[in-house]
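First up is the structure itself, then whatever we jot down about it.
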There are 2 protein chains.
Amino acid sequence: MEIKILGIGMTKFGELWSKSLVDLAEEAAVKAIKDAHLQLASLDAIFVGNMLSGAVTGQEHLGALIAERLNLKIPAMRIEGACASGAMAVYQGIQGIASGRFNRVLIIGVEKMTDLSSAEVNKALMGASAEDEEGVNGLTFASLYALMAKAYLEKYGLKEKDLAEVAVKNHYHASLNPLAQFPFKVTLKQVLESPMVADPLKILDCSPITDGAAALVLSRRQLTVDGGQIPVSIIGSSLVSDTLSLSARKDITEQWATKKAIQEALQMAGIKLEEIDLAEVHDCFTIAEIISLESLGFFKKGTAAKATAKGETRFDGSLPVNTSGGLKACGHPVGATGVKQIIELVLQLRGQAGKRQVKKAKIGLAQNLGGSGSTAVVHILKGENHA
Amino acid sequence: MEIKILGIGMTKFGELWSKSLVDLAEEAAVKAIKDAHLQLASLDAIFVGNMLSGAVTGQEHLGALIAERLNLKIPAMRIEGACASGAMAVYQGIQGIASGRFNRVLIIGVEKMTDLSSAEVNKALMGASAEDEEGVNGLTFASLYALMAKAYLEKYGLKEKDLAEVAVKNHYHASLNPLAQFPFKVTLKQVLESPMVADPLKILDCSPITDGAAALVLSRRQLTVDGGQIPVSIIGSSLVSDTLSLSARKDITEQWATKKAIQEALQMAGIKLEEIDLAEVHDCFTIAEIISLESLGFFKKGTAAKATAKGETRFDGSLPVNTSGGLKACGHPVGATGVKQIIELVLQLRGQAGKRQVKKAKIGLAQNLGGSGSTAVVHILKGENHA
């Protein structure tokens, strides 16, 4: 079945010290409801994607907490799948509608990360990995992805500057997105000369620690109101699990879960990969965008970095990728990321993406990962904007 | 639609220091699959109910983690709604089937609590409440329920011993349940003379800190295999949110969310309250069982304690309540509790409850709460055992 996206709303992404997690969730939710030309009372349920609230402030039970703030007494659930929590909440919301139980649901992805020190938040993030194997041995997410990057670069005879191209491109996109955490460009030289985090990944290869929220109103039916938005539908939705620990994977230069998820999503949508006009993919590190694009099938293995350098994945290229700025430059409030990816696609498919507008965009794809590729969620969206 | 319960499995509840959270989840899951006469490969998805894993060990992302342990690469999601996480996972699993996406799902409720000190776990549990209002002001869950107990006893002119009757009854039931954490009886005198925790609640009014896991296999269709189990179906399922903070409630001597949830569940099931033969309710404290029973409508306000003293809620009474021993005496591994309640009902409806078997049980109800009544989940089960 098709699920209609009636409204979208997100906060600025960044270090938002003056706002609490619930403030951010409320702000995004109210914007989404307004964008949908609806009232809060029209909603049947709330699905909250969040990973770290318990670790950061001790607050769990976010479903009821956010429902209370919105003055709603409707079913409210928190969904957690590490950095894929946002897209997982969308996936569950779709099932809630498809089951016949709900007509309209609010999806909120939210994360407040900057209240912890960098060391604390890195430790908390390791909860997304096999904590008792990888975390206790001192690995961080940067070092997990550095292992993948080392293996990938060696296998395909590539250099660190090939990865850096992703950062340059995504920062360029972010410079066109006023809600991005880092709305400015960086040069290849700046990326390559930035401090090393986990060899070969430098700080400008890494997505930042971010506060932010993103919300969607999903519906069984299109709303037909004066001034209503250009219709955008979700036509494919899939979620696949792989092993949590990296050591249990056969090949760390590809994402098995992503490969399976894209097959399932394309089948559900009844389209071919070639029909996809643009994509938001999970670039928590530059290497992650490269491997994601190849695992999705957009590029042959070992070729996505060169394609990036040629400008193919720029918003004016043949396959625009991460026009929002991606996790890298738009920011990565982990529970919000998967929802923000879908918001960026909706903006593009409606023709509301401003200076970064992709021309003739009709079908978009979002891919959100949890852990080092342990959970992959893929959504395919279709717009009806023929402008 | 009816959802079939094909298999059930649970671990012993208690202080299980030699087993990890994943060990417990696996044990319960394997038992449930075996009980269903199925193979793990027959499953389409996993829904994990868990509240505290991040706080206790730092491990989040339990969906993929548990799927890896079971050697399954299927969609796996963690659902969190404080102490209602278990029933919330059931509620989501039902939607997954009803949506047409899955045919058979595994629900696992799991919690490992005894790896923290009592003070630490009490702090972590406050994540279920309005942490920045109630937690920071020094309230614990015992003191939140003590506020309700004070108000309730005063309103209805009752005494502490009226509450204590619940503990005596539930310990009696636990003495008949080999998997209970406290499989022994207590006397009214023992309860009343036990150390005060939060006036008027004494330690024997409180549910314990517990490790444990419980699992269900839910299915769209009944399995017809040789030796298959007596069919039990879920015919009603509802979830309602109320305010997280106690101060925002109109009346703390009743549970608004429970009142609404039972109405919705009865409507979905197409039955009347009088048709329910037995119930598992959320007795995190003795007062919680009393208020829950009245909010569900089984007893008029102010009368459930006296009915308990008369034996009406014993397994051989007119409305058996918490034949498992309840949270009070079977134990309360928070994410597992809502699933364990359903397992107890299945045992009773199949006629497999041993020494605590309720006679002629056909319809059972489970009510699971999150926070101080902020999330209420009600399930209604129907058995086909006419023995």
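The values are calculated or read from the model by the stated rules, or taken from the named source; none is laboratory data. Quick caveat: nothing in here was measured; it's all calculated off a predicted structure. Quick reminder, even Gly has a Cβ in these numbers, built from the backbone with ideal geometry, and neighbours come from all protein chains shown.
Screening the candidates A:LEU147, A:LEU176, A:LEU153, A:LEU163 for the property of being over 24 Å from the mean Cα position of the chain (by Cα) and more than 19 Å from B:LEU65 (Cα to Cα) yields one hit, A:LEU153. Annotation note: Cβ proximity below 6 Å between a residue of region A:41-59 that is buried (at least 24 other Cβ atoms within 10 Å of the Cβ) and a residue that is assigned to a loop (DSSP other than H, G, I, E, B) (sequence gap 6+ or interchain) occurs for A:ALA45/A:ILE74; A:ALA45/A:PRO75; A:ALA45/A:PHE102; A:MET51/A:ALA82; A:MET51/B:GLU60; A:SER53/A:GLN59; A:GLY54/A:GLU60. You will find that of B:VAL377, B:VAL358, B:VAL346, the residue that is touching an Asp or Glu at 6+ places or on another chain (Cβ under 8 Å) and either of a type in the set (D, E, K, R) or at pLDDT 95 or above (or both) is B:VAL358 and no other.
For region B:52-64, give me the residue count where each residue is closer than 24 Å to B:VAL377 by Cβ and at the interface with chain A (Cβ under 9 Å from one of its Cβ atoms). It would help to see each step written out before you state the result.
Step one: of region B:52-64, the residues closer than 24 Å to B:VAL377 by Cβ are B:52-56, B:60-63.
So of that shortlist, the ones also at the interface with chain A (Cβ under 9 Å from one of its Cβ atoms) come out as B:52-55, B:60-63.
The number of residues fulfilling the criteria is 8.
The residues on offer are A:GLN357, A:GLN341, and the sole one that is surrounded by fewer than 24 Cβ atoms within 10 Å (Cβ to Cβ) and either within 14 Å of chain B (Cβ to nearest Cβ) or out of contact with any Phe, Trp or Tyr (no Cβ under 7 Å at 6 or more places or on another chain) (or both) is A:GLN357. Here B:VAL110 passes the criteria (1) within 11 Å of another protein chain (Cβ to nearest Cβ); (2) crowded, with 24+ Cβ neighbours inside 10 Å; (3) aliphatic (A, V, I, L, M) except the one numbered (1).
Among the residues of region B:41-51, is any of a type in the set (Val, Ile, Thr), at the interface with another protein chain (Cβ under 7 Å from one of its Cβ atoms), within 18 Å of the chain's Cα centre (by Cα) and assigned to a strand (DSSP E or B)? Spell out the reasoning first.
Step one: of region B:41-51, the residues of a type in the set (Val, Ile, Thr) are B:46, B:48.
From the residues that got through so far, the ones that are at the interface with another protein chain (Cβ under 7 Å from one of its Cβ atoms) too are none.
Looking through region B:41-51, none of the residues is of a type in the set (Val, Ile, Thr), at the interface with another protein chain (Cβ under 7 Å from one of its Cβ atoms), within 18 Å of the chain's Cα centre (by Cα) and assigned to a strand (DSSP E or B).
Residues in region A:237-244: is at least one surrounded by fewer than 24 Cβ atoms within 10 Å (Cβ to Cβ), part of a loop (DSSP other than H, G, I, E, B) and either at positive phi or within 14 Å of chain B (Cβ to nearest Cβ) (or both)? Scanning region A:237-244, I find at least one residue that is surrounded by fewer than 24 Cβ atoms within 10 Å (Cβ to Cβ), part of a loop (DSSP other than H, G, I, E, B) and either at positive phi or within 14 Å of chain B (Cβ to nearest Cβ) (or both), so the answer is yes. Take region A:138-166 and flag every residue that is outside any helix (DSSP H, G or I), crowded, with 17+ Cβ neighbours inside 10 Å and of a type in the set (D, E, K, R). Once the filter is applied, which keeps residues that are outside any helix (DSSP H, G or I), crowded, with 17+ Cβ neighbours inside 10 Å and of a type in the set (D, E, K, R), region A:138-166 yields nothing. For A:ILE79, the requirement of being facing another protein chain (nearest Cβ under 7 Å) and more than 18 Å from B:SER372 (Cβ to Cβ) is met.
Search region B:52-85 for residues being β-branched (Val, Ile, Thr) and at pLDDT 95 or above, and hand back the single one that is farthest from the chain's Cα centre (by Cα).
B:ILE74
Filtered by the rule that a residue be over 18 Å from B:GLN59 (Cβ atoms), of a type in the set (Gly, Ala, Ser) and modelled with pLDDT of 90 or more, region B:120-135 gives B:ALA128, B:SER129. Considering region A:1-34, the residues that are part of a helix (DSSP H, G or I) and not aliphatic (A, V, I, L, M) include one that is surrounded by the fewest Cβ atoms within 10 Å (Cβ to Cβ), namely A:LYS34. Cβ-Cβ contacts under 9 Å between residues 6 or more apart (or on different chains), taken from a first residue in region A:4-26 that is closer than 14 Å to A:PRO333 by Cα and outside the structural domain of A:ALA213 (by TED's automatic domain parsing) to a second residue that is among the hydroxyl-bearing types (Ser, Thr, Tyr) and assigned to a helix (DSSP H, G or I), are absent.
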